[in-house]
1. Rounded to the nearest 20 debye, what is the charge dipole size of chain B about its Cα centre when +1 sits on each Lys and Arg Cβ and -1 on each Asp and Glu Cβ?
2. Could you work out the relative contact order of chain B? I mean the mean sequence separation of Cα pairs under 8 Å and 6+ apart, divided by the number of residues, in percent.
3. Across peptide A:34-40, what mean number of C-beta atoms from other chains lies inside 10 Å of a residue's C-beta?
4. Could you list, by residue number, the cysteines of chain B that have no other cysteine's beta carbon within less than 4.7 Å of their beta carbon?
5. Return the lysines within reach of B:LYS64: Cα separation strictly under 20 angstrom, same-chain partners fewer than 8 residues apart disregarded; answer none if there are no such residues.
6. Out of all Cα-Cα pairs in the protein assembly as shown, roughly what percent, to the nearest whole number, are more than 28 Å apart?
7. Mind checking the dipole of region A:3-109: about its Cα centre, +1 per Lys or Arg Cβ, -1 per Asp or Glu Cβ, Debye to the nearest 20?
8. Tell me which residues come under 5 Å, amide H to amide H, from B:ALA48 once H is placed; ignore anything under 5 positions away on its chain.
Amino acid sequence: EDKVVQSPLSLVVHEGDTVTLNCSYEVTNFRSLLWYKQEKKAPTFLFMLTSSGIEKKSGRLSSILDKKELFSILNITATQTGDSAIYLCAVQGGSEKLVFGKGTKLTVNP
Amino acid sequence: GAVVSQHPSWVICKSGTSVKIECRSLDFQATTMFWYRQFPKQSLMLMATSNEGSKATYEQGVEKDKFLINHASLTLSTLTVTSAHPEDSSFYICSAGAWTSRETQYFGPGTRLLVL
(Lines give C-alpha, C1' and ligand atoms only; values in the text may rest on other atoms or scores of the structure.)
Protein backbone atom coordinates (compact mmCIF):
# COMPACT_ATOMS: atom_id res chain seq x y z
CA GLU A 1 0.00 0.00 0.00
CA ASP A 2 1.31 3.43 -0.93
CA LYS A 3 2.38 5.48 2.07
CA VAL A 4 3.62 9.01 2.79
CA VAL A 5 5.11 10.05 6.10
CA GLN A 6 5.83 13.67 6.92
CA SER A 7 7.90 15.04 9.75
CA PRO A 8 7.73 16.90 11.94
CA LEU A 9 3.96 17.01 12.38
CA SER A 10 4.20 20.41 13.93
CA LEU A 11 6.83 23.15 14.00
CA VAL A 12 6.94 26.57 15.63
CA VAL A 13 9.61 29.06 14.58
CA HIS A 14 10.31 32.79 14.67
CA GLU A 15 10.23 35.05 11.67
CA GLY A 16 13.49 34.92 9.79
CA ASP A 17 14.26 31.32 10.70
CA THR A 18 14.90 28.67 8.05
CA VAL A 19 12.85 25.49 8.20
CA THR A 20 13.17 22.09 6.58
CA LEU A 21 10.15 19.86 6.20
CA ASN A 22 10.58 16.17 5.47
CA CYS A 23 8.58 13.72 3.42
CA SER A 24 9.36 10.02 3.00
CA TYR A 25 7.33 7.70 0.86
CA GLU A 26 6.68 4.21 -0.37
CA VAL A 27 4.83 3.95 -3.65
CA THR A 28 4.42 1.49 -6.48
CA ASN A 29 5.54 2.82 -9.87
CA PHE A 30 6.53 6.27 -8.66
CA ARG A 31 5.43 9.02 -10.99
CA SER A 32 5.83 12.24 -9.02
CA LEU A 33 5.95 13.87 -5.60
CA LEU A 34 4.06 17.07 -4.95
CA TRP A 35 4.12 19.68 -2.23
CA TYR A 36 1.06 21.73 -1.34
CA LYS A 37 0.38 24.56 1.08
CA GLN A 38 -2.95 24.51 2.85
CA GLU A 39 -4.24 27.49 4.75
CA LYS A 40 -7.93 27.74 5.43
CA LYS A 41 -9.25 26.16 2.29
CA ALA A 42 -8.10 23.68 -0.32
CA PRO A 43 -4.42 23.02 -0.92
CA THR A 44 -2.49 25.23 -3.30
CA PHE A 45 0.23 23.77 -5.44
CA LEU A 46 3.88 24.49 -4.66
CA PHE A 47 6.11 22.00 -6.48
CA MET A 48 6.05 18.84 -8.49
CA LEU A 49 9.21 16.71 -8.42
CA THR A 50 9.90 13.83 -10.71
CA SER A 51 13.69 13.60 -10.96
CA SER A 52 16.26 13.06 -8.25
CA GLY A 53 18.70 15.77 -7.32
CA ILE A 54 17.13 18.63 -9.24
CA GLU A 55 16.17 21.47 -6.95
CA LYS A 56 12.96 23.32 -7.65
CA LYS A 57 12.88 26.87 -6.39
CA SER A 58 10.23 29.52 -6.01
CA GLY A 59 11.23 32.59 -4.07
CA ARG A 60 12.12 31.55 -0.53
CA LEU A 61 10.84 28.03 -1.04
CA SER A 62 12.82 25.20 -2.52
CA SER A 63 12.44 21.46 -2.72
CA ILE A 64 14.46 18.47 -3.78
CA LEU A 65 13.77 14.79 -4.29
CA ASP A 66 15.92 11.73 -3.59
CA LYS A 67 14.42 8.77 -5.40
CA LYS A 68 17.05 6.38 -4.13
CA GLU A 69 16.35 7.11 -0.47
CA LEU A 70 12.64 7.79 -1.16
CA PHE A 71 12.33 11.19 0.42
CA SER A 72 11.93 14.84 -0.31
CA ILE A 73 12.54 18.02 1.65
CA LEU A 74 10.89 21.39 1.46
CA ASN A 75 12.98 24.33 2.61
CA ILE A 76 11.67 27.73 3.53
CA THR A 77 14.25 30.44 4.19
CA ALA A 78 13.68 33.75 5.99
CA THR A 79 10.26 32.62 7.14
CA GLN A 80 7.41 35.09 7.43
CA THR A 81 4.16 34.93 9.37
CA GLY A 82 2.38 34.39 6.05
CA ASP A 83 4.18 31.09 5.71
CA SER A 84 2.14 29.72 8.59
CA ALA A 85 0.12 26.88 7.12
CA ILE A 86 -0.07 23.14 6.82
CA TYR A 87 2.34 21.81 4.24
CA LEU A 88 1.21 18.63 2.55
CA CYS A 89 3.34 16.16 0.66
CA ALA A 90 1.68 13.80 -1.80
CA VAL A 91 2.94 11.09 -4.12
CA GLN A 92 1.50 9.85 -7.33
CA GLY A 93 2.05 6.27 -8.36
CA GLY A 94 0.90 4.20 -11.28
CA SER A 95 -2.59 5.70 -11.30
CA GLU A 96 -3.34 9.41 -11.16
CA LYS A 97 -4.32 9.14 -7.51
CA LEU A 98 -2.49 11.25 -4.99
CA VAL A 99 -1.63 9.78 -1.60
CA PHE A 100 -1.17 12.48 1.00
CA GLY A 101 0.89 12.59 4.14
CA LYS A 102 -0.62 13.96 7.34
CA GLY A 103 1.04 17.30 6.80
CA THR A 104 3.38 19.51 8.79
CA LYS A 105 1.76 22.38 10.61
CA LEU A 106 4.12 25.32 10.50
CA THR A 107 3.60 28.29 12.78
CA VAL A 108 5.79 31.34 12.25
CA ASN A 109 5.68 33.78 15.14
CA PRO A 110 6.58 37.44 14.70
CA GLY B 1 -4.16 28.72 -15.25
CA ALA B 2 -6.64 25.92 -14.80
CA VAL B 3 -9.48 26.64 -12.41
CA VAL B 4 -11.72 24.24 -10.57
CA SER B 5 -14.83 25.50 -8.84
CA GLN B 6 -17.02 23.88 -6.23
CA HIS B 7 -20.56 24.68 -5.25
CA PRO B 8 -21.75 25.25 -2.65
CA SER B 9 -18.83 26.39 -0.51
CA TRP B 10 -20.85 25.96 2.68
CA VAL B 11 -23.87 23.81 3.43
CA ILE B 12 -25.78 23.12 6.63
CA CYS B 13 -28.44 20.44 6.52
CA LYS B 14 -30.58 18.33 8.78
CA SER B 15 -29.77 14.73 9.49
CA GLY B 16 -31.38 12.42 6.94
CA THR B 17 -31.33 14.82 4.03
CA SER B 18 -29.23 14.51 0.91
CA VAL B 19 -26.69 17.07 -0.20
CA LYS B 20 -25.25 17.50 -3.68
CA ILE B 21 -21.85 19.09 -4.24
CA GLU B 22 -20.73 20.15 -7.71
CA CYS B 23 -17.20 20.25 -9.01
CA ARG B 24 -16.48 22.01 -12.28
CA SER B 25 -13.32 22.46 -14.31
CA LEU B 26 -13.80 25.93 -15.76
CA ASP B 27 -11.25 26.20 -18.52
CA PHE B 28 -10.09 22.70 -19.25
CA GLN B 29 -11.52 19.26 -19.78
CA ALA B 30 -11.01 16.83 -16.97
CA THR B 31 -11.33 13.19 -17.86
CA THR B 32 -10.66 12.32 -14.24
CA MET B 33 -11.85 14.02 -11.08
CA PHE B 34 -11.09 13.04 -7.51
CA TRP B 35 -13.12 13.53 -4.37
CA TYR B 36 -11.39 13.95 -1.03
CA ARG B 37 -12.62 14.35 2.51
CA GLN B 38 -10.74 16.12 5.22
CA PHE B 39 -11.64 15.96 8.90
CA PRO B 40 -10.29 18.62 11.27
CA LYS B 41 -6.56 18.43 11.81
CA GLN B 42 -6.23 15.49 9.43
CA SER B 43 -4.89 15.13 5.94
CA LEU B 44 -6.90 14.73 2.78
CA MET B 45 -8.29 11.25 2.31
CA LEU B 46 -9.21 10.14 -1.17
CA MET B 47 -12.80 8.94 -1.33
CA ALA B 48 -13.22 8.08 -4.97
CA THR B 49 -11.94 8.54 -8.49
CA SER B 50 -14.48 9.73 -11.00
CA ASN B 51 -14.00 9.09 -14.71
CA GLU B 52 -16.17 10.78 -17.29
CA GLY B 53 -18.79 8.46 -18.65
CA SER B 54 -18.08 5.55 -16.36
CA LYS B 55 -18.67 4.44 -12.79
CA ALA B 56 -16.59 5.91 -10.04
CA THR B 57 -13.94 3.87 -8.28
CA TYR B 58 -14.29 4.05 -4.52
CA GLU B 59 -11.54 3.68 -1.97
CA GLN B 60 -11.76 0.97 0.62
CA GLY B 61 -14.14 1.85 3.40
CA VAL B 62 -16.11 4.43 1.42
CA GLU B 63 -19.76 3.47 0.94
CA LYS B 64 -20.67 3.92 -2.69
CA ASP B 65 -24.40 3.91 -1.94
CA LYS B 66 -23.95 6.73 0.51
CA PHE B 67 -21.61 8.87 -1.55
CA LEU B 68 -23.01 8.92 -5.07
CA ILE B 69 -20.69 10.25 -7.72
CA ASN B 70 -21.70 11.26 -11.20
CA HIS B 71 -19.29 12.48 -13.87
CA ALA B 72 -21.61 13.18 -16.74
CA SER B 73 -19.38 15.55 -18.70
CA LEU B 74 -15.74 16.47 -19.07
CA THR B 75 -16.24 19.55 -16.92
CA LEU B 76 -18.64 18.45 -14.19
CA SER B 77 -18.62 15.87 -11.44
CA THR B 78 -21.10 15.74 -8.59
CA LEU B 79 -20.92 14.13 -5.17
CA THR B 80 -24.21 13.45 -3.42
CA VAL B 81 -24.11 12.62 0.26
CA THR B 82 -27.29 10.64 0.78
CA SER B 83 -29.11 10.49 4.10
CA ALA B 84 -26.44 12.62 5.71
CA HIS B 85 -25.61 12.14 9.37
CA PRO B 86 -23.58 14.31 11.75
CA GLU B 87 -20.53 12.08 11.28
CA ASP B 88 -20.56 13.05 7.58
CA SER B 89 -19.77 16.63 8.57
CA SER B 90 -16.46 17.35 6.96
CA PHE B 91 -14.60 19.37 4.35
CA TYR B 92 -15.07 17.89 0.89
CA ILE B 93 -12.57 18.80 -1.81
CA CYS B 94 -12.52 17.84 -5.44
CA SER B 95 -9.60 17.92 -7.81
CA ALA B 96 -9.45 17.59 -11.55
CA GLY B 97 -6.74 15.89 -13.51
CA ALA B 98 -5.40 17.37 -16.71
CA TRP B 99 -2.63 15.33 -18.23
CA THR B 100 -1.19 18.36 -19.98
CA SER B 101 -0.84 20.15 -16.68
CA ARG B 102 2.49 20.20 -14.92
CA GLU B 103 0.68 20.40 -11.61
CA THR B 104 -1.15 17.20 -12.38
CA GLN B 105 -4.21 18.03 -10.34
CA TYR B 106 -6.05 21.25 -9.68
CA PHE B 107 -8.02 21.53 -6.47
CA GLY B 108 -11.39 23.12 -5.99
CA PRO B 109 -11.87 25.47 -3.03
CA GLY B 110 -13.71 22.84 -1.02
CA THR B 111 -17.20 22.50 0.46
CA ARG B 112 -17.76 22.61 4.19
CA LEU B 113 -20.66 20.33 5.16
CA LEU B 114 -22.29 20.52 8.57
CA VAL B 115 -25.01 18.02 9.33
CA LEU B 116 -27.15 18.86 12.34
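The values are calculated or read from the model by the stated rules, or taken from the named source; none is laboratory data. Quick caveat: nothing in here was measured; it's all calculated off a predicted structure. Quick reminder, even Gly has a Cβ in these numbers, built from the backbone with ideal geometry, and neighbours come from all protein chains shown. Surface accessibility is based on the protein's heavy atoms, side chains included, excluding ligands, DNA and RNA. Shrake-Rupley method; radii C 1.70, N 1.55, O 1.52, S 1.80 Å.
1. Once rounded to the nearest 20, the dipole reads 160 debye.
2. 36 percent
3. Per residue, the average neighbour count from other chains is 2.
4. By the Cβ distance rule, which asks for a partner under 4.7 Å, the isolated cysteines are B:CYS13.
5. A:LYS97, B:LYS20, B:LYS55
6. The answer is 31 percent, as a whole percent.
7. On the way: 13 positive and 9 negative charges, 61 e Å.
Magnitude of the dipole: close to 300 debye.
8. Counting only residues 5 or more places away or on other chains, the set is B:TRP35, B:GLU59.
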